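Working notes for the structure below.
What follows draws every value from the coordinates through simple rules; no lab data is involved. Here the structure is a predicted model, which is why all the values come from computation and not from measurement. No Cβ is skipped: glycine too gets one built from the backbone with ideal geometry, and neighbour counts run over all protein chains shown.
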Amino acid sequence: ATLPYDPDNIFARILRDEIPSKRVYEDDFAIAFHDINPQAPQHILVIPRGAYVSWDDFSARGSDAEIAGFVRAVGAVARQAGMVEPGYRLLANVGVDGGQEVPHLHVHVFAGRRLGAMLP
Ligand code: 5GP
């Protein structure tokens, strides 16, 4: 079941600066900010500026420029945060069974400790 995009979801409001966040990165395609409830010493969320519910929505409807820009932004966030050498983990939850809580696409970036096996 795919949900319609809610323009007042919490990340849309963070994008519009209606709700404060600790931004660590922004460009034409994406912004990144610290997760409010970090699950690792470094836990950053990267979101596209466009109104996409999920990875599914974005991959189906996003323009090639938006998709390329977003992928590059995720990489840039990790590089800027010094995560590349020690290593890091990316995660995107999609839909109900995927555990997605906020209906604006976000990629979690985790780092800062040795992350355990996390499958599924
Ligand atoms: P999901 O479960 O949808 O993949 O992840 C949602 C994430 O958003 C959670 O890790 C949660 O801690 C984070 N989050 C929820 N509300 C806020 C908020 O208002 N500000 C920030 N910075 N993060 C939030």
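Miscellaneous remarks
- Tabulated pairs, the stretch 90-117, first farther than 17 Å from F58 by Cβ and in contact (Cβ under 8 Å) with a residue 12 or more places away in the chain, second more than 10 Å from the ligand (Cβ to nearest atom) and among the hydroxyl-bearing types (S, T, Y), C-beta under 6 angstrom, 6+ apart or interchain: A111/Y88
- Residue check for V102: among the aliphatic types (A, V, I, L, M) and within 16 Å of the ligand (Cβ to nearest atom): yes
- Exactly one residue out of V94, V107 is under 22 Å from Y25 (Cβ atoms) and of a type outside the set (K, R), and it is V107.
- Residue list for the stretch 105-119, filter: assigned to a loop (DSSP other than H, G, I, E, B) and within 22 Å of F33 (Cβ to Cβ): L105, H106, G112, R113, L115
- Selection within the stretch 61-89 - surrounded by fewer than 17 Cβ atoms within 10 Å (Cβ to Cβ), more than 20 Å from L15 (Cβ to Cβ) and in contact (Cβ under 8 Å) with a residue 12 or more places away in the chain: P86, G87, R89
- Those residues of the stretch 15-60 which are over 24 Å from M83 (Cα atoms), without any contact (Cβ under 8 Å) to a residue 24 or more places away in the chain and surrounded by 15 or more Cβ atoms within 10 Å (Cβ to Cβ), in sequence order: G50
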